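Report on the following structure.
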Amino acid sequence: MKTNTHTDAVLVSAYINGDESALSHLITRHKQRIYSFIYSKVYNRDVTEDIFQDTFIKVIRSLKRGKYNEEGKFLPWVMRIAHNLVIDYFRKNNRMPKFENKDDFNIFSVLSDGALNAEKQIIKGQVENDVRRLIEELPEDQKEVLVMRIYKEMSFKEISLQTDVSINTALGRMRYALINLRKVIDKHNIVLTN
Amino acid sequence: MQKMYSKTSHQEQVDKLAPKVETIKFLLDYSKALSVNDYYNLKFEALLN
C-alpha cells in the first residue's frame, strides 16, 4: 500500500492490526521532529538517543496493549510522552548530578581515595611506633606534657592545671620535648616520613 | 566575517538531527518481538527474540 500518503491514523490502525511496516513509516515520518524536540531540551546526543528510544518503546507498548485512543493526534501524543521522559531525566539528574569527563577535566583527578594502601599503612604503623619509642626516651616532665598535648589533645591551660605548673612552664616543656625529639632523630638519622 | 555570517545557526543544526539507524532498527525489532496476550482482563507481555 502507498503508506506515504496515509494519515497517521490509518498507519496506527494498520500497526495495531499487525502491520509492522506501518510503525517503520510512522517513525520515519516523525523521527526528526521528535528527536530535535528532545535534543533542544537536553543538548546531549547520547541522552537524546536514549530518550527517543524510551519514547518509542512506550509508544509500541501502549499501541500493542490497546491503550491508545485514536483521535487523530498521534504526533502530539508521542511528543507528550517524550516531554514527560525529558522531565523524568532532569528530575533524576537533579537528585544525582552527573559529572562527565572531558579532555581538560577528569573528575578522578579531583576525587581520590583517601585510604592508604597496604604498604603505606604498614609504614605509617612503623613510623608511629618509632615516634612512641622516641617519646619514651624523653625526660618525664617533657614526656608528660607532650603526651597530654598531642595524644590527649588537652589545651596548655588544662595541662598546667593538671601538672600543677604555670602555662609558661608547660609551654617550655613542650618546646624542649620537641627540640630533644628532633635532636635524637637527627643524631640517629631516623626517617619519619611516609 | 563571511564565515561568521555563513555559519549555520544552532537552531538549524538542531532541526537536522535524527536518531541513529541502530536505534530505529532496535525499535522495529523490539516491536516485532513484543506480543501482548489477553487473558480475561489481564494483559501479558512477551518478548520473543
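The values are calculated or read from the model by the stated rules, or taken from the named source; none is laboratory data. Just so you know, these numbers come straight off a predicted model, no measurement behind them. Note that we place each Cβ from the backbone using ideal geometry, even for glycine, and neighbour counts take in every protein chain shown.
Does A:Val131 satisfy being in contact (Cβ under 8 Å) with a residue 12 or more places away in the chain, in contact with a Leu (Cβ under 8 Å, 6 or more places away or on another chain) and more than 30 Å from A:Ile51 (Cβ to Cβ)? Spelling it out, A:Val131 is indeed in contact (Cβ under 8 Å) with a residue 12 or more places away in the chain, in contact with a Leu (Cβ under 8 Å, 6 or more places away or on another chain) and more than 30 Å from A:Ile51 (Cβ to Cβ). Please specify each residue of segment A:23-39 satisfying the condition of being at the interface with chain B (Cβ under 9 Å from one of its Cβ atoms) and farther than 13 Å from A:Met79 by Cβ. Correct list: A:Leu23, A:Ser24, A:Ile27, A:Thr28, A:Tyr39.
For segment A:88-110, check the following and say yes or no: at least one residue is assigned to a helix (DSSP H, G or I), surrounded by 14 or more Cβ atoms within 10 Å (Cβ to Cβ) and in the same structural domain as A:Ala22 (by TED's automatic domain parsing). Yes, the conditions are met somewhere in segment A:88-110. Of everything listed in (1) of a type in the set (Asp, Glu); (2) surrounded by fewer than 14 Cβ atoms within 10 Å (Cβ to Cβ); (3) within 30 Å of B:Leu28 (Cα to Cα), the single unmet condition for A:Glu136 is (3). Within segment A:55-87, the residues that satisfy the criterion of being among the charged types (D, E, K, R), part of a helix (DSSP H, G or I) and facing chain B (nearest Cβ under 10 Å) are A:Arg61, A:Lys64.
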